[in-house]
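The values are calculated or read from the model by the stated rules, or taken from the named source; none is laboratory data. Just so it is clear, the model here is predicted, and its values are computed rather than measured. Neighbour counts run over all protein chains shown; Cβ positions are idealised from the backbone, glycine included. Side chains are part of the model used for accessible areas, which takes the heavy atoms of the whole protein and leaves out ligands, DNA and RNA. Shrake-Rupley method; radii C 1.70, N 1.55, O 1.52, S 1.80 Å.
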Amino acid sequence: MATFDPAELPELLKLYYRRLFPYAQYYRWLNYGGVIKNYFQHREFSFTLKDDIYIRYQSFSNQRDLEKEMQKMNPYKIDIGAVYSHRPNQHNTVKLGAFQAQEKELVFDIDMTDYDDVRRCCSSADICSKCWTLMTMAIRIIDRALKEDFGFKHRLWVYSGRRGVHCWVCDESVRKLSSAVRSGIVEYLSLVKGGQDVKKKVHLSEKIHPFVSKSINIIKKYFEEYALVDQDILENKETWDKILALVPETIHEKLQQNFQKHHNSLQRWECLKKAISSQDIKNDKCGHWLELEIMLQYCFPRLDINVSKGINHLLKSPFSVHPKTGRISVPIDLQKVDQFDPFTVPTISSVCHELDAVSTNDEEKEGNEAESDIKHRTRDYKKTSLAPYIKVFEQFLENLDKSRKGELLKKSDLQKDF
């Protein structure tokens, strides 16, 4: 894979926006079948240009208009905002207070830095395969709840390009939700509460909610390998003291002694489970609950509530390029969540390099570069490692289309009945 050099970004972006960005699929997504008049035209886009120049309230008439502007501006980052009452690029001409965010997908942002108190391998912007399991668990837990508990059908999961994942819930009814309802959904999906000063961040009630028990079943599949082997959360006194802070003091001394006798986290975890299920603390809280609270504190998804509840909140667009890593924000195949590896995601350098390698022959055959551009652009990405990710996106769009056609048929059948 070609290594990414940030100094080459402006030139690479030019090629990417001219030949590889999936404009047709992208427009098809955000236009939602053109069912609602001006839906795409009233959507806010924001561009971050070179040297952190930030331009909000961009909007476009159609796919061609979007293409032209992206190729002209060469944005380092693209964010998508709400659908407004008026065209965002005319917001200054609208009477004060009349320009309002009306609709947007329900979005979730899960960032690895929010787990810094419980991961040992990396911190801040760094990630590795050992802590990426946190994102795998987060996708599995949140996606199951969105699908089964809420009945949301159209969920697009996207890698952020660096250290996290985003989810776009695109059902028509969901896009209309108020900020209060969005807050309620995020609240339902949140268990880990409290800032840096709060040691114990998970408190289960006596009757465990089905959402929590189903989430625990997912965590159990990963816990031993992730927490006890890869993160080694009971490796030494410094790490096990953090866990002892989550259980009653009455068993601290006994556990300190027993932990010294064991040689690894797996053995110490068994020892901890025995101690907390013992008679000593039965009166305080069921030992099994304590074990689950520790697992949840170390593994349960941590959502950025503000991103989800604000209708006018911007979120990084799929297929945007991360300017620091060069990685492309690609959709994640929900059938292969466990196999997803952020380190094999195409970078802008690798896809441009792949395109260059095959383009030379094609252009010689065509002779006419302008014609070749129009003819081949729709197929160019297929010659690169971006192809399987665009296929995932297309499958998502297919399902949206089917669903929309189904709704229209239902409506016309109802009208016939009257």
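See the values below:
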{"item": "Options Asp356, Asp401, Asp380: the member that is under 30 Å from Asp333 (Cβ atoms) and at pLDDT below 90", "result": "Asp356"}
{"item": "Residue satisfying condition, being among the basic types (Lys, Arg), modelled with pLDDT of 95 or more, over 15 Å from the mean Cα position of the chain (by Cα) and over 19 Å from Met112 (Cα atoms), within set Lys309, Lys375", "result": "Lys309"}
{"item": "Complete set of residues in the stretch 72-97 that are open to solvent by 50 Å² or more (accessible area, probe 1.4 Å) and within 25 Å of His166 (Cα to Cα)", "result": "Lys77"}
{"item": "Extreme residue, surrounded by the most Cβ atoms within 10 Å (Cβ to Cβ), among residues of the stretch 10-68 that are closer than 25 Å to Ser350 by Cα and modelled with pLDDT under 95", "result": "Lys50"}
{"item": "Test: residue in the stretch 238-257 that is in contact with a Ser or Thr (Cβ under 9 Å, 6 or more places away or on another chain), surrounded by 12 or more Cβ atoms within 10 Å (Cβ to Cβ), in contact (Cβ under 8 Å) with a residue 40 or more places away in the chain and among the aliphatic types (A, V, I, L, M)", "result": "no"}
{"item": "Subset tally (residues that are open to solvent by less than 20 Å² (accessible area, probe 1.4 Å) and part of a loop (DSSP other than H, G, I, E, B)) for the stretch 147-162", "result": "3"}
{"item": "Check on Asp109, acidic (Asp, Glu), in contact (Cβ under 8 Å) with a residue 24 or more places away in the chain and under 20 Å from Ile311 (Cβ atoms)", "result": "yes"}
{"item": "Cβ-Cβ under 7 Å pairs, at least 6 apart or on other chains, the stretch 382-399 side free of Cβ contacts under 8 Å to residues at least 12 places away in the same chain, far side assigned to a helix (DSSP H, G or I)", "result": "Ala387/Tyr381"}
{"item": "Unique match (being open to solvent by 30 Å² or more (accessible area, probe 1.4 Å), in a helix (DSSP H, G or I) and of a type outside the set (A, V, I, L, M)) among Arg120, Arg140", "result": "Arg140"}
